[in-house]
Amino acid sequence: MLPRHLLPRSSAADWPTYLEHRAAEARQPELARFFTAGCPEPDTPIAEAPLVALDLETTGLDVRRHAIVSIGLVPFTLRRIRLAERRYWVVRPSRPLSTQSITMHRITHSEIAEAPDLAEVLPELLDALAGRLVVVHFRHIERPFLNEAIKARLGEGLRFPVIDTMSLEARRHRLSTWARFRRWMRRPPVSIRLNDSRGRYGLPAYQGHHALLDALATAELLQAQIATHYLPQTPVGELWS
Amino acid sequence: MEVELLEIRQHMGRFPPFDGLSDDLLDDIASQVEVGYFKTGTDILTLDQELHELCYIRSGAVEVYRRNGDLYNRLGEGDIFGHFSLLRNHRVRFPARALEDTLIYFIPEPAFHHLCDTDEHFADFVELGRPRMEAAVEQHKKANDMMITRVRKLLTRYPVMVEATTTVQEAARQIGEAQASAVLVLDAPGDNPRYTFTDSEDRPWQVCGILTDSDFRTRVVAEGLSPDTPVGELIGNRLITIQSDESVHEAMLCMLRNNVHHLPVLHRRRPVGIVHLSDIIRYETHSSLYLVSNIFNQSSAAGLAKLAPDVRAAFVRMVGEGANSQMAGSALSTIGRSFTRRLLELAEQELGPPPVPYCFMVNGSMARNEQTIVTDQDNALILSDDFDAKYHDAYFLALAERVSDGLAACGYTYCKGDVMATNSQWRQPLSVWKHYFSDWIDNPTPERLLHSSIFFDLDSTYGEEAYVEQLQDLVAQKAPASPLFLAAMARNALNRTPPLGFFRTFVMEKDGKQNNTINLKRRGTAPLVDLIRVHALACGSRAQNSFERLDDIGQTQLLAPGVGEKLRYAMELLSMARIRHQIIDIQQERTPDNDIEPENVEDSERHHLKDAFQVLSNAQKFLKYRYPIPARAGRSR
């Protein structure tokens, strides 16, 4: 696997090549279908890209100790978020559910007990993501957790390009000259959490944490970020990571 | 229910027209919405774009424009737009732009039509203004028993009836036996066919009078009449009756107007019962009737002034029990006239009889029977042409001062424009008044137009009614034949315009400005009254009340079909809103005024008011074209 963060931005074009490569190698049919569908070319204008907002609720933050509890996704474009095509699954985590995460996600033990294993929903999940550019808020949850879970079940991992709305916020509020100036002035850093970021764009506060609601919130946030700071023609290659 | 949609469903459920939807319908809608974000200043809908979705503002604010670029409306969280296009040709008629960063929920067309089909409230809401306004007024009417309940509902028994030759003793016995409080006196058919009927045995009769408990006391016992006196000799020649299908409210007004406590009720010409004041009071506990009789029982101006809080209380009760604006307006006007009359009676007792006959004229809202609790006095004196200022004016000035001061003490503030009989200009003989009126019509300068708009609502409260009638005749004959006057009045009626509507806690003006309050009289009812007056003058109507004027206007071709009805609904809505907010002021222990604060305006009321403003605005635009300045007058505005 390529250490992507070490690659210069110009080589972001490698995502389609990477997916093509994996498609050829994939042994599991559902993974083969996903990789074959590929992703938009890096020079695709964001306004034309088919997108899907994805959110996972997990039992914790550590990919080695914690597991996925629920998955929410909603397909969208810059113009419209299509709620009618939303998907949501509760899955039985392979590791025990802590009391803390129960209160956090409002998912109960009995719901979990009746829920299927991720393996059962995987074909549907992968089909819903296939061909679309995935949008998440904080990519260090969705991608590694899915990768680990799928590797454990199918023996092959899953990597794909994502647009991370949190890192788009970080580019403005953590990495900019203004942000450095604030740090120098010892001002507290601007929060780039989902609801705080939404607030900056006049988006309403949703009562999280629900995987589908957070996916919707993430999709709305990306629409707002692009409308505010980017042009519709911005190539997806400049936004994904 | 899906928990993830709760957020969307709950939000929509807080705003009309979704607030009336069942949870199932709301879930269904929430699951189908599409979401879009619009940065400040970006277009949401462009002119003539094809549209297949209803737009719901989840957050932010949106401005909607007319085709010509004028601001049509400013909308906030929970408002909808695009429904006009969906109901018509799916082309955007009113383009929309984000005034703030805005999140829109788009509701697909099939879901929209499903809602229209399944929910009447929703359908009413998204239809054009008229059905919605109508629905609001109708709904109010339904709640308003007194207006629709027929007098016959109050009758519990047939009236006791005796022949005119019956002795008072026998009549008294029959009343006692029947435990009634009055008896109708019958005679052979005579001079008045209105009161003739045939009984069950085919004998013809005429109702010629009524004898009440108190008549037995005051006319028989107190006068020492013989018990053998025939009742026919006791009854007067004035018989006030009411038809059984008239409303209870009308019966109440009839009693007020004639100062009687018993009303024979006729079904066509046959007597079917007698209603007594107490029947109505039992039915409708509030009572402006009590108040009026209390007014006439006061023996001093100070005593009258003490009744001011009762007026307020009667007003609050009346509206609380569902009176509409016409009922409230005529009841308050009747109360105001009663104060005026009593003050005149008291003044005459003090000053002696008038040296020449006079008529005490009221103008403005009291003349139109449209008073509210916030009102000033507009009045004038029309004197006999025998009036000689040198000898008589001191008397009439003193009379006018007593009335004016007395009214002020009762809460009817002095007229800021000095339109009061205390002003010598408005204390003149009939011939001078005729000259005034003719001059105002013939030479409409701005000052005279102002006078016309005040004095051309006129009615008598006391004295020689014929004087006012002559002036009313003069106006009704002269005005329709004076196109320049009508044109000038029409332009004058456009001085005050309604706002566009409401936006959050502000009043939206047409130029996009926002205000914290709106004077609903100045920006609503008054311009509407002005506008109706112009049409009424044009058609020679002698009516004073705006609703009655609309009846007269409806007999002509002055307005396009249906416009009269719209104006009627707008008038009722604006008047009721004004009244309701005065009640809120009273209940919150503030001095009632004509201002309303948008934060006190409920969502549904906002929409109705906006519709009414729209009706007024359209009618104002039409007025200019209806009464153009005649070419030969060669006058620039």
* List every residue pair whose Cβ atoms sit under 7 Å apart, with the two residues 6 or more apart in sequence or on different chains, where the first one lies in the stretch B:87-109 and is polar (S, T, N, Q) and the second, anywhere, is surrounded by 19 or more Cβ atoms within 10 Å (Cβ to Cβ). => B:Thr102/B:Phe38; B:Thr102/B:Ile57; B:Thr102/B:Ser59; B:Thr102/B:Gly60; B:Thr102/B:Ala61; B:Thr102/B:Val62
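Restricting the search to the stretch B:23-72, which residues are on the phi > 0 side of the Ramachandran plot and touching a Phe, Trp or Tyr at 6+ places or on another chain (Cβ under 9 Å)?
Pass one, the stretch B:23-72, residues on the phi > 0 side of the Ramachandran plot: B:41, B:48, B:60, B:69.
Listed by number, the list holds a single entry, B:Gly60.
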* Asked: In the stretch B:10-25, which residue that is away from chain A (no Cβ under 13 Å) and in contact with a Leu (Cβ under 9 Å, 6 or more places away or on another chain) is farthest from A:Gln223 (Cα to Cα)?
  -> B:Leu21
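So which residues in the stretch A:133-157 are touching a helix residue (DSSP H, G or I) at 6+ places or on another chain (Cβ under 8 Å) and buried (at least 21 other Cβ atoms within 10 Å of the Cβ), if there are any at all? Don't jump to the end; show me each part of the working.
Within the stretch A:133-157, the first condition is being touching a helix residue (DSSP H, G or I) at 6+ places or on another chain (Cβ under 8 Å), and the residues that meet it are A:133-139, A:149-150, A:153-154, A:156-157.
Those that are touching a helix residue (DSSP H, G or I) at 6+ places or on another chain (Cβ under 8 Å) and buried (at least 21 other Cβ atoms within 10 Å of the Cβ): A:Leu133, A:Val134, A:Val135, A:Val136, A:His137, A:Ala149, A:Ile150.
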* Structure fact -> A:Asp127: passes all of (1) open to solvent by less than 50 Å² (accessible area, probe 1.4 Å); (2) modelled with pLDDT of 90 or more; (3) not β-branched (Val, Ile, Thr) but (1)
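Does B:Ser22 satisfy being buried (at least 18 other Cβ atoms within 10 Å of the Cβ) and among the hydroxyl-bearing types (Ser, Thr, Tyr)?
Details: buried (at least 18 other Cβ atoms within 10 Å of the Cβ): no; among the hydroxyl-bearing types (Ser, Thr, Tyr): yes.
Here the answer is no, as B:Ser22 does not meet what is asked.
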* Structure fact -> Counted residues in the stretch A:29-62 being open to solvent by 30 Å² or more (accessible area, probe 1.4 Å), part of a loop (DSSP other than H, G, I, E, B) and under 16 Å from A:Asp127 (Cα atoms) come to 1
* To do: Within the stretch B:512-526, count every residue that is open to solvent by less than 20 Å² (accessible area, probe 1.4 Å) and either touching a helix residue (DSSP H, G or I) at 6+ places or on another chain (Cβ under 6 Å) or farther than 24 Å from B:Leu449 by Cβ (or both).
  => 5
* Check off (1) buried (at least 21 other Cβ atoms within 10 Å of the Cβ); (2) within 13 Å of another protein chain (Cβ to nearest Cβ) for B:Gln32 and give me the number that stays unchecked. => (1)
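Can you find even one residue in the stretch B:558-572 that is basic (Lys, Arg) and open to solvent by less than 20 Å² (accessible area, probe 1.4 Å)?
Within the stretch B:558-572, the first condition is being basic (Lys, Arg), and the residues that meet it are B:566, B:568.
Among the residues that remain, those that are also open to solvent by less than 20 Å² (accessible area, probe 1.4 Å) are: none.
So far as the stretch B:558-572 goes, no, none of its residues is basic (Lys, Arg) and open to solvent by less than 20 Å² (accessible area, probe 1.4 Å).
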* Asked: Any idea which of (1) modelled with pLDDT under 85; (2) in contact with a strand residue (DSSP E or B) (Cβ under 8 Å, 6 or more places away or on another chain) is the one A:Asp214 doesn't satisfy?
  -> (1)
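Taking the conditions exactly as written (modelled with pLDDT under 90 and within 14 Å of another protein chain (Cβ to nearest Cβ)), does A:Ala205 satisfy them or not?
Numbers: modelled with pLDDT under 90: yes; within 14 Å of another protein chain (Cβ to nearest Cβ): yes.
Taking the combined requirement at face value, the residue satisfies it.
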* Structure fact -> B:Asn68 fails exactly one of (1) open to solvent by 10 Å² or more (accessible area, probe 1.4 Å); (2) within 13 Å of another protein chain (Cβ to nearest Cβ); (3) part of a loop (DSSP other than H, G, I, E, B), namely (2)
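Identify, please: which residue in the stretch B:497-541 is among the aliphatic types (A, V, I, L, M) and more than 23 Å from B:Arg568 (Cα to Cα) and is, among those, modelled with the highest pLDDT? Don't jump to the end; show me each part of the working.
Filtering the stretch B:497-541 for residues among the aliphatic types (A, V, I, L, M) gives B:500, B:507-508, B:518, B:520, B:526, B:528-529, B:531-532, B:534, B:536-538.
With more than 23 Å from B:Arg568 (Cα to Cα) added as a condition, the list becomes B:507-508.
Working: B:Val507: 81, B:Met508: 76.
Among those residues, the one meeting the criterion is B:Val507.
Answer with yes or no whether B:Tyr56 is within 14 Å of another protein chain (Cβ to nearest Cβ), crowded, with 19+ Cβ neighbours inside 10 Å, among the hydroxyl-bearing types (Ser, Thr, Tyr) and closer than 19 Å to B:Phe125 by Cα.
Against the criterion (within 14 Å of another protein chain (Cβ to nearest Cβ), crowded, with 19+ Cβ neighbours inside 10 Å, among the hydroxyl-bearing types (Ser, Thr, Tyr) and closer than 19 Å to B:Phe125 by Cα), B:Tyr56 qualifies.
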* Boolean, B:Asp405 is touching a residue at least 24 places away in the same chain (Cβ under 8 Å), of a type in the set (Asp, Glu) and closer than 22 Å to B:Phe485 by Cβ -> no
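The values are calculated or read from the model by the stated rules, or taken from the named source; none is laboratory data. The structure presented is a predicted model; accordingly, all values stated were derived computationally and were not measured. Note that each Cβ is placed from the backbone with ideal geometry, even for glycine, and that neighbours are counted across all protein chains shown. Only protein heavy atoms, including side chains, enter the accessible area calculation; ligands, DNA and RNA are left aside. Shrake-Rupley method; radii C 1.70, N 1.55, O 1.52, S 1.80 Å.
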